[in-house]
Amino acid sequence: MAKSIIIALVSLAICVSSSLSFAHAKAAAGPSKFTVVGHVYCDTCRVEFETKISQPISGAVVKLECRNRTDGAVTYKSPEVTTSAKGEYSIVVEGDYEDSDCDVMLVKSSKPDCSDPTEGWRKARVVLTSLDGISGDVRFANNLGFKRKEAIPECKQVLTEMGYFELQEELGHEAAA
Ligand SMILES: *[C@@H]1O[C@H](CO)[C@@H](O)[C@H](O)[C@H]1NC(C)=O
């Protein structure tokens, strides 16, 4: 009985010390550096999700900000970054932001007819720490989007194919019930 307790304690100790030295190895590897990548789209159907007729916006401006999770103070602020011809951006962040909430957010669109920031697509949370078990220094942010002033005519067809109207009707019934 006593023997098995000792064995359990010894293996627990080994476990704890190896995870500690793992954390130390990470810290000793030098400052972290992350590359945050993502896309900016024009929500041509004004539905706040991507469809096959959403269009990438080139020349849109985004930025990344981290805030202390406890007191909300800004802990990191990236320069403003412009999207490529394919609507892609990439932001390099130095440091580890384990105790912060980091978001990529829309600053402005380059398309006057598609410049309404959407509520759901306005910002995207990214995790910028290597201490959470996510490996690799490239972090993919969810898509961001601006809404077009008016939905384009093709939307009806595309949204019907996606089952959007049926879903809406179902939700409507549920809400009414
Ligand atoms: C976050 O805010 C708390 C409370 O003000 C503070 O104790 C902590 O050091 C801050 N952390 C960072 C990383 O700035």
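Every number here is computed from the coordinates shown, using simple stated rules; none is lab data. All figures in this text were calculated on a predicted structure; none of them were measured in a lab. Here the Cβ positions follow ideal geometry from the backbone for every residue, glycine too, while neighbour counts run over all protein chains shown.
If the chain between Thr82 and Val107 were fully stretched, how many nm would it gain, using 0.36 nm times the residue separation less the Cα-Cα distance? Mind showing how you got there, number by number?
Details: separation 25, 0.36 × 25 = 9.00 nm, distance 0.96 nm.
Result for the pair: 8.0 nm of gain on full extension.
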- By how many nm would the segment from Glu50 to Ser90 lengthen if fully extended, with 0.36 nm per residue of separation less the alpha-carbon distance? 12.4 nm
- Query: Roughly how compact is the stretch 30-177, stated as its Cα Rg over 2.2 N^0.38 Å to two decimals?
  - Reply: 1.20
- Item | Calculated from backbone phi, Karplus (6.51, -1.76, 1.60) coupling profile of the stretch 58-63 in Hz, x at Gly/Pro | 8, x, 6, 10, 10, 8
- Query: In nm, to one decimal, how far is the Glu166 label point from the Glu119 one, both placed 7 Å along Cα→Cβ?
  - Reply: 2.7
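Count the net charge of all other residues whose Cβ sits under 15 Å from the Cβ of Tyr76, scoring Lys and Arg as +1 and Asp and Glu as -1.
Details: positive: Lys33, Lys63, Arg67, Arg69, Lys77, Lys123, Arg125, Arg139; negative: Glu65, Asp71, Glu80, Glu94, Asp96, Glu98, Asp99, Asp101, Asp103.
Around Tyr76, the charge tally is -1.
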- Item | Sparsely packed GluC sites (Glu not before Pro) within the stretch 87-133, loop by DSSP, other Cβ within 10 Å at most 16 | Glu98, Glu119
- Query: Taking the Cα-to-Cβ direction at Ser135 and at Ala73 and moving 7 Å from each Cα, how far apart do the two end points lie in nm?
  - Reply: 3.5
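What's the exposure ranking of Lys63, Lys147, going from fewest to most Cβ atoms within 10 Å? All intermediate terms of the calculation are to be shown ahead of the outcome.
Working: Lys63 17, Lys147 22.
By the 10 Å Cβ count, ascending: Lys63, Lys147.
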